[in-house]
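Scroll down for the structure; my scribbles are underneath it.
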Amino acid sequence: MNLLFFTQQGGFLKPFAWVMGEILNVIYKLCSLMGIANIALCIVIFTVVVKMLMLPLTVKQQKFSKVSAKMNPELQELQKKYAGADRTNQAVMMKMQQEQQEIYRKYGASPLGGCLPLLITLPIIFALYRVIYAIPAYVDDVNEQYKSVANAIINEYGNEQDFNYKKALEEFCSANKIQIRTKAKNAENDTNRVIDILSVFNTTGWEKLKKGEQILKDGSPDDKYKNWNAMVAKDSFSNVMESQEKKIDQILKINVLFGKFNILDNPNLKSITLLIPILAALLQFLQGKISMAVNKTSDNSKKNDDPMGNSMKTMNTVMPVMSGFICFMLPVGVGIYWIANSGVTIIQQLAINKYLDKIDIDEMVEENAKKKQERYEKMGIVSTGNTTSDIAKSSTKSISNMKTSDIQSKKPVISQDAREDLSNTNKGSISSIANILKERNKDN
């Protein structure tokens, strides 16, 4: 089954897809000038270029992972310390959050530090997938070849009264299990809609289209496919296909792989294309192994106490298997992208790991903490030389003297003075508590 959405991407991803499309268009033109116009090759080069453009984000994310690996033991100890705490106790929770913030501040990190590069990367990755799936919508030369065939069909049957050529092509896709998404049905014009349909045809699809055979049931034309049967019954259909034979051959040629396979074909158990999903799975497994190296902690005894690390190990085992299965179910072109992406990622990861190994982690932490402190000062959080810790402690004076044993016993611990003040307020009122603490800070 093939999914069809070759009309250019709209919505939120549109600008990202447009940029990716322009890059791919330039790559294809350069390859054409060198006499090697091949979509499979363009996908590989395209993947390399995009991965290099995203390298600064990758380095930033890996630096955070390195710092996170050193910071995680302290965070885990903090979780253990408050493991038996009463989660409904406001004072205890404020104390825990304060200590957690202090750990992040100590390392110059942020709870969202590893997420921000990923949030920037995700739209690019999704747009990249859309472009690869929709090459004729973004690459001018490829689009022209498909447009020639599409316009030949439209010019011949656009005014036909006995049948609808668009429905005829949809019926052809239905009979051959080619799924047409809503996106294709809502293409901005008839030419794009026909290109959407033609663009998904693999070698078998083009052969069947050129033959133009009626779809029969019990020896007679199947009424379920009446538009298709009516269109191919005309002598003009074979004439249209013959007139576009060179264009169709060019389309097949630019989609060729290993000299005889089409990148829109699915991998076959009896051909060399079976190596595509196998290689995709192996490279992703290797990629996961290498990426885990940057997250290793120096304390091997705490490996079992790291649920996130254990989850990553499980994913690095399961995901490659799933990737291989998915690549086997999808066209070869998708597998080529995954292989190229994993290959480039592995090379980048090895280089990044080597680069990070030369960096003193303590110096990195110190530099991060300094930058974070400067950022706080610009935001006005620190104005008199007091650290955020000092400010937090002064505004939670009655909380800072709590003992771990009190936390674990779930006792509602609070100073005697604060307890007397609270007795005269509405219990459970957070605003009242805040006002009391504010007044007490003024007195101090």
query = Considering the range 160-172 alone, what residues qualify as being surrounded by fewer than 20 Cβ atoms within 10 Å (Cβ to Cβ) and not in a loop (DSSP other than H, G, I, E, B)?
reply = K166, K167
request  = Restrict the check to the range 205-226 and report whether at least one residue is part of a loop (DSSP other than H, G, I, E, B), closer than 26 Å to M329 by Cα and among the aromatic types (F, W, Y).
outcome  = no
query = Taking the condition surrounded by fewer than 19 Cβ atoms within 10 Å (Cβ to Cβ) and either more than 25 Å from I346 (Cβ to Cβ) or in contact with a helix residue (DSSP H, G or I) (Cβ under 8 Å, 6 or more places away or on another chain) (or both), does I39 pass?
reply = no
request  = Output the residues belonging to the range 75-99 that are among the basic types (K, R) and exposed (fewer than 14 other Cβ atoms within 10 Å of the Cβ).
outcome  = K80, R87
message = For a quick check of your reading of the model, give me the residue pairs whose first member lies in the range 142-157 and is within 14 Å of S243 (Cβ to Cβ), whose second is among the acidic types (D, E) and in a helix (DSSP H, G or I), with beta-carbon atoms closer than 7 Å and at least 6 apart or on different chains.
response = I154/D190
Set L128, L118, L122: member being within 30 Å of I263 (Cα to Cα), surrounded by fewer than 15 Cβ atoms within 10 Å (Cβ to Cβ) and at pLDDT 75 or above = L122
message = I need every pair where a residue in the range 81-94 that is touching a residue at least 12 places away in the same chain (Cβ under 8 Å) has its Cβ under 6 Å from the Cβ of a residue that is surrounded by fewer than 16 Cβ atoms within 10 Å (Cβ to Cβ) and part of a loop (DSSP other than H, G, I, E, B), sequence separation at least 6 or different chains.
response = D86/K410; N89/P412
query = Say we look at the range 227-269 and pick out the residues that are of a type in the set (F, W, Y) and in a helix (DSSP H, G or I); which of these is nearest to A281 (Cα to Cα)?
reply = W228
request  = Being within 17 Å of the chain's Cα centre (by Cα), surrounded by 19 or more Cβ atoms within 10 Å (Cβ to Cβ) and not β-branched (V, I, T) is the filter here, so list the residues in the range 320-342 that pass it.
outcome  = P320, S323, C327, G335, Y337, W338, A340, N341, S342
key: Residue among S238, S243, S199 that is of a type outside the set (A, V, I, L, M, F, W, C), in contact with a Gly (Cβ under 9 Å, 6 or more places away or on another chain) and under 30 Å from E144 (Cα atoms)   = S238
ask   = Would you call V48 aliphatic (A, V, I, L, M), closer than 30 Å to Y104 by Cβ and either assigned to a helix (DSSP H, G or I) or without any contact (Cβ under 8 Å) to a residue 12 or more places away in the chain (or both)?
value = no
key: Residue list for the range 249-290, filter: in contact (Cβ under 8 Å) with a residue 40 or more places away in the chain and of a type in the set (G, A, S)   = A280, A281
message = So in the range 60-115, with the set limited to residues that are β-branched (V, I, T) and part of a helix (DSSP H, G or I), which one is nearest to V365 (Cα to Cα)?
response = V67
note = Taking the range 55-74 and keeping only residues that are among the aliphatic types (A, V, I, L, M) and crowded, with 18+ Cβ neighbours inside 10 Å, one is left with V67, M71
remark   = Contact list, first residue from the range 333-352 and over 17 Å from F285 (Cβ atoms) and basic (K, R), second anywhere and buried (at least 22 other Cβ atoms within 10 Å of the Cβ) and at pLDDT 90 or above, beta-carbon distance below 9 Å, six or more apart or interchain, is none
task = Mind listing just one residue for me: the one in the range 173-191 that is at pLDDT 85 or above, more than 20 Å from N239 (Cα to Cα) and in a helix (DSSP H, G or I) and, of those, farthest from the chain's Cα centre (by Cα)?
result = A175
task = Identify all residues within the range 247-270 that are surrounded by fewer than 20 Cβ atoms within 10 Å (Cβ to Cβ) and in contact with a strand residue (DSSP E or B) (Cβ under 7 Å, 6 or more places away or on another chain); write none if there are none.
result = L252, V256
remark   = Only one of (1) modelled with pLDDT of 90 or more; (2) over 17 Å from the mean Cα position of the chain (by Cα) does not apply to F46, and that is (2)
ask   = What single numbered condition from (1) touching a Pro at 6+ places or on another chain (Cβ under 6 Å); (2) in a helix (DSSP H, G or I); (3) modelled with pLDDT under 90 fails to hold for G288?
value = (1)
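The values are calculated or read from the model by the stated rules, or taken from the named source; none is laboratory data. Model, not experiment: these values are computed from the prediction. When we count neighbours, we look across all protein chains shown, and the Cβ atoms used for this are built from the backbone with ideal geometry, even at glycine.
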